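Engineer: Pasting a structure here, questions to come.
None of the figures in this text is laboratory data; all of them are computed from the coordinates on show. Note that the coordinates shown come from a computational prediction; the quantities given were computed from them, not determined experimentally. Virtual Cβ from ideal backbone geometry, glycine too; neighbours counted across all protein chains shown.
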Amino acid sequence: MIKLVPFILSLAGVLSDCVTTAIGLDMGFYEMHPSYHPLNALMVFWGAIAALTMLLREDRLKTTIIDGISLMSYLGVINNTLVILGIFSGLNPI
């Protein structure tokens with residue numbers, strides 16, 4: 001049986017990223033990735049979680065890996081928050 005917690009965690013992370021991105025865009029920042037879309041990010045996280053759920057055997061390592069992937073969806077929130085607060089300048093385009 002597939003556990004829903006990693007899917008819900010990654011959904012919350014992607015939605016939080018979307019909210020902080022919208023706040024940053026309203027403040028005059030711009031998205032560095034021109035083809036970024038929250039649904040694409042969600043499909044990547046859910047696809048990875050689903051694939052690893054089916055491929056890995058049941059043990060503590062599997063749970064740790066899947067939980068780690070679902071928590072990686074919060075990296076965008078952390079980055080956006082640091083940029084909005086002025087702590088991180090963001091990435092400079094090449």
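Engineer: If you average the sequence gap of Cα pairs under 8 Å that are 6 or more apart and divide by the length of the chain, what percent do you get for the contact order?
Structural biologist: Over the chain, the number comes to 44 percent.
Engineer: Also, quick follow-up: Only Lys, Arg, Asp and Glu count, each charged at its Cβ (+1, +1, -1, -1), so figure out the dipole size of the chain about its Cα centre, rounded to 20 debye.
Structural biologist: 280 debye
Engineer: So what are region 38-87's ellipsoid semi-axes, whole angstrom, largest first, if each one is the square root of 5 times an eigenvalue of the alpha-carbon gyration tensor?
Structural biologist: Whole-Å semi-axes of the equivalent ellipsoid: 27, 13, 4.
Engineer: Report the per residue volume, in Å³, of the convex hull enclosing the C-alpha atoms of region 15-58.
Structural biologist: Expressed per residue, the convex hull around the Cα atoms of region 15-58 is 79 Å³.
Engineer: Can you pull a Stokes-Einstein diffusion coefficient for the chain at 10 °C (1.306 mPa s), Rh from Kirkwood over Cα pairs, as a whole number of µm²/s?
Structural biologist: 111 µm²/s
Engineer: Between helix 5-26 and the chain, what is the angle of the helix's C-alpha long axis to the longest principal axis, kept within 0 to 90° and rounded to the nearest 10?
Structural biologist: 10 degrees
Engineer: Turning to a different aspect of this structure: Of Trp46, Ser89, Val14, which is farthest towards the positive pole of the chain's charge dipole, taken about the Cα centre with +1 and -1 on the beta-carbons of Lys, Arg and Asp, Glu respectively?
Structural biologist: Checking the options against the dipole of the chain, the answer is Trp46.
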